[in-house]
1. Quick test for you: out of 127, 137, pick the one residue that is free of Cβ contacts under 8 Å to residues at least 40 places away in the same chain, outside the structural domain of residue 230 (by TED's automatic domain parsing) and surrounded by fewer than 16 Cβ atoms within 10 Å (Cβ to Cβ).
2. Just for segment 38-65: of the residues that are part of a loop (DSSP other than H, G, I, E, B) and modelled with pLDDT under 95, which one is farthest from residue 93 (Cα to Cα)?
3. Give me a count of the residues in segment 151-177 that are in contact (Cβ under 8 Å) with a residue 40 or more places away in the chain, in a helix (DSSP H, G or I) and farther than 13 Å from residue 88 by Cβ.
4. Given the conditions (1) farther than 22 Å from residue 234 by Cα; (2) surrounded by 19 or more Cβ atoms within 10 Å (Cβ to Cβ); (3) under 15 Å from the mean Cα position of the chain (by Cα), and given that residue 84 satisfies all but one, which numbered condition is not satisfied?
5. One residue is enough: does segment 23-37 have a residue meeting the conditions assigned to a helix (DSSP H, G or I), modelled with pLDDT under 95, buried (at least 20 other Cβ atoms within 10 Å of the Cβ) and within 20 Å of the chain's Cα centre (by Cα)?
6. Give 144, 180, 110 a once-over and let me know the one that is closer than 30 Å to residue 223 by Cβ and in a loop (DSSP other than H, G, I, E, B).
């Protein structure tokens with residue numbers, strides 16, 4: 001039976017592909033948009049067209065960038081290990097690199113869902129694949145008739161796939177954390193759920209030290225994602 005690896009990725013793994021993310025925001029602005037206006041349920045209620053246009057622009061960027069060597073090198077681990085990618089990223093670069101098991105915590109830009117409720121996900125609203133196409137005012141969920149919205153987790157909303165991610169992390173023999181500041185509250189609980197026998201690698205040019213208090217065995221690799229993953233690959237394979 002293959003040993004289990006969980007790779008937990010954040011913005012840093014996509015940044016080297018040229019994907020500008022929330023982590024690059026300055027003074028509360030992301031791509032010159034106030035984050036509260038485009039990344040919250042209240043912003044959606046206030047101006048749906050502005051929110052749709054913002055994510056349409058993010059989605060249009062995806063075909064112009066590709067997976068970098070960190071994405072593709074992680075796929076090589078599947079030759080020897082049972083690998084699960086748990087990602088905070090909403091792009092499709094892990095998919096395009098060829099990873100076979102991916103859990104998106106914060107949704108996916110290439111999908112849409114209905115907005116029957118403005119404050120939570122409705123189990124009735126269908127999740128649809130839209131690829132790199134726009135979502136426009138008047139595009140409706142076929143089941144509920146509600147306006148389609150990006151399949152994205154906004155601030156104040158609950159992340160997706162948390163239970164599945166907990167299960168994967170608890171069972172992991174190796175946990176690789178890449179390109180995340182661990183600033184989101186639930187993340188520390190998620191990553192602290194590893195067993196005492198789990199080996200942890202943390203790749204980031206400026207890693208946070210929140211996990212130092214967990215008593216876990218952590219190897220810090222203070223390098224960009226592409227360089228850090230190459231080092232780990234040489235060790236694990």
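1. Every option except 127 fails the conditions.
2. 40
3. Residues that pass the stated criteria total 3.
4. The failed condition is (1).
5. No; the residues of segment 23-37 include none that is assigned to a helix (DSSP H, G or I), modelled with pLDDT under 95, buried (at least 20 other Cβ atoms within 10 Å of the Cβ) and within 20 Å of the chain's Cα centre (by Cα).
6. The unique qualifying residue is 180.
The values are calculated or read from the model by the stated rules, or taken from the named source; none is laboratory data. Please read these numbers as outputs of a predicted model, since none were measured by experiment. We place every Cβ from the backbone using ideal geometry, glycine too, and count neighbours over all the protein chains shown.
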